[in-house]
């Protein structure tokens with residue numbers, strides 16, 4: 001059994017978020033939560049939030065079966081780019097530089113070990 005959680009429009013660049021998400025892919029949920037909780041990266045807080053939501057979705061999916069957190073693992077974890085906000089910054093001699101504020105969408109799928 002598996003459950004998915006998606007968090008959209010996170011205000012960090014996809015490249016920075018992929019560094020965090022690549023660490024937890026394929027690991028057990030216990031280990032992944034510990035890694036994200038103690039990671040110094042700013043985007044690890046958002047990834048931990050999505051992981052906890054995926055675990056909660058799995059627990060609430062089927063009320064009849066009881067799932068242990070130690071039996072769960074991160075089946076899929078990926079980051080897609082979101083919309084980019086375009087802003088203008090003044091530059092010398094009347095020019096303007098474009099600032100691109102990127103965003104991303106994080107998807108984490110949690111499954112039970114067979």
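The values are calculated or read from the model by the stated rules, or taken from the named source; none is laboratory data. It should be emphasised that the depicted structure is a prediction, and the values quoted were computed from it without experimental measurement. Quick reminder, even Gly has a Cβ in these numbers, built from the backbone with ideal geometry, and neighbours come from all protein chains shown.
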Any residue that is farther than 18 Å from residue 7 by Cβ, outside any loop (DSSP other than H, G, I, E, B), without any contact (Cβ under 8 Å) to a residue 24 or more places away in the chain and out of contact with any helix residue (DSSP H, G or I) (no Cβ under 8 Å at 6 or more places or on another chain) - is there at least one of those in the stretch 99-113?
yes
Within the group 17, 1, 59, 93, which residue is at pLDDT 95 or above and farther than 12 Å from residue 106 by Cβ?
93
For the stretch 26-65, which positions are surrounded by fewer than 14 Cβ atoms within 10 Å (Cβ to Cβ) and not in a helix (DSSP H, G or I)?
26, 38, 40, 42, 62, 63, 64, 65
So, residue 69, is that one surrounded by 15 or more Cβ atoms within 10 Å (Cβ to Cβ) and touching a helix residue (DSSP H, G or I) at 6+ places or on another chain (Cβ under 9 Å) or not?
no
Within the stretch 42-85, which residues are under 19 Å from residue 9 (Cβ atoms), more than 12 Å from the chain's Cα centre (by Cα) and without any contact (Cβ under 8 Å) to a residue 40 or more places away in the chain?
84, 85
Answer with yes or no whether residue 88 is without any contact (Cβ under 8 Å) to a residue 40 or more places away in the chain, within 17 Å of the chain's Cα centre (by Cα) and not in a loop (DSSP other than H, G, I, E, B).
no
